[in-house]
1. For Ile175, what residues show an amide H to amide H distance below 5 Å, using hydrogens built from the backbone and excluding near sequence neighbours?
2. Assign unit charges at the C-beta atoms only (+1 for Lys and Arg, -1 for Asp and Glu), then state the dipole size of the chain relative to its Cα centre in Debye, rounded to the nearest 20.
3. Which order do peptides 89-97, 1-9 fall in by mean Cβ count within 10 Å, highest first?
4. Label region 19-105 by shape, choosing from rounded, prolate and oblate, from the square roots a ≥ b ≥ c of the eigenvalues of the Cα gyration tensor; if a/c is under 1.5 it is rounded, and otherwise prolate applies when a/b is larger than b/c, oblate when it is not.
5. How would you order 107-117, 44-54, 267-277 from highest to lowest mean count of nearby Cβ atoms within 10 Å?
6. If you average the C-alpha positions of region 219-277 and of region 139-171 separately, how far apart do those two centres end up, in angstrom?
7. Taking the Cβ of Val94 as the center, what net charge do the other residues with Cβ under 15 Å away carry, scoring Lys and Arg +1 and Asp and Glu -1?
8. Percentage of Cα-Cα pair distances in region 138-277 greater than 26 Å, rounded to whole percent?
Amino acid sequence: RAQGVSFIDLGIGDPDIPAPASVVETLAKAAAIKANQKYALDQGKKSFKEAINAYMQQRFGVSFDADKEVLPLIGSKEGLVHFPLAYVNPGEYVIVPSPGYPGYRSAALFCQAKVYEMPLKEKNRFLPELEKIPQSVRNKAKLMYLNYPNNPTSALAPESFLKEAVAFCVRHGIILAYDNAYAEVYFDQKPLSIFNVEGAKDVAIEFHSHSKTFCMTGFRVGWACGNAPLIAALLKVKSNVDSGIFPAVQDAAEQALRQEMPYTQKVRDIIKERKEV
């Protein structure tokens, strides 16, 4: 670089687009409030959880009990990786997509679990072939990760596949951890929530991220929503490993959800222009 060489960074994807100005202003003001400088409650601010529920209702047409079925996270990665600690025992299987987000594998290894990789192939539109998972793996599988829009392939999952995945997990008693961090990164077809599928609440927990939606990667905030016992189990793990999200960050995250959804279209326009270039 000192010699004038230009680099293209193929490392971690971190947006160069600034976060919404009103979000930054909210954070600055909220940080000065004494009540926000104390330990946060592990379960998160009620107003933030209600904003999350309002977003899920407006965007996906699905509703949750904000107290029992919504849990703010220190970024979706934190929740995705901590969640298996609540359920997965040594020697059980965690089913992960391949290629896939490295955190899924790390989460399994933390639990001393076995990892079964589901190949994502172009000929199958980068959707795993669930029927090819061996019976011996199904019998000992506790958790499956799915992620659409997909990182790294960018594939979308049609509703028919989401129905197949929910039915598969119900049939085999497998928890479905659905990583929906890229829900607002699309061009034409709006991605779905796993909870658009009937029966998903029986087996699923879904993870969302302010990092991708609002370019707030450094803020470290997101959420999980879904099956109440799954949310309660994740909260139990979190209560032993962290002391909640900085309340000022929660206020900023709430501001994003309540007032800055038009910002997501601006981000999509920028990404589309860059893609075409």
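1. Leu143, Met144
2. With only Lys, Arg, Asp and Glu charged at Cβ, the dipole is about 380 debye.
3. Highest to lowest by the protection proxy: 89-97, 1-9.
4. prolate
5. Output ranking for 107-117, 44-54, 267-277: 44-54, 107-117, 267-277.
6. Rounded to whole Å, the Cα centres lie 21 Å apart.
7. Charge balance in the 15 Å sphere: +2.
8. Result: 31 percent of Cα pairs exceed 26 Å.
The values are calculated or read from the model by the stated rules, or taken from the named source; none is laboratory data. Fair warning: this is a prediction, and the values are worked out from it, not measured in the lab. Note that we place each Cβ from the backbone using ideal geometry, even for glycine, and neighbour counts take in every protein chain shown. Just the protein is used for accessible areas: all its heavy atoms, side chains included, with ligands, DNA and RNA removed. Shrake-Rupley method; radii C 1.70, N 1.55, O 1.52, S 1.80 Å.
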